[in-house]
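See below for the structure under consideration.
The numbers here are math on the coordinates, done by the rules we state, and not lab data. Predicted model, so just to flag it, every value in this text is computed and none were measured.
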Amino acid sequence: MDISDGLVLDASRMAKASGVRVELAADAGLDDDALYGGEDHGLLATFEPSVTPPEGFRPVGVIREGEPGVFLGDQELDAGAGGWDPFRNLAQ
């Protein structure tokens, strides 16, 4: 999926839709702009551990069973803390 809405926001959408836990690697070099920015026009994909990602992709974490969400170490990242969600401020 594209991550133009922000990596954490889009990864949390993927995690919830798939019922998995996304664990981002602390050493992947992801700063706040990478995590919560938007308009990056990058792609987020999952690959089996035995597969070498295609050129242009780089590993930034792993998928595990567990409570759906996006984590950096043991800390769950707040998908509502940034990124672009056009429905965020609509009245419920």
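The long axis of helix 7-18 is offset from the longest Cα principal axis of the chain by roughly 80 degrees. In angstrom, the C-alpha Rg and Dmax of the chain are 13.0, 45.
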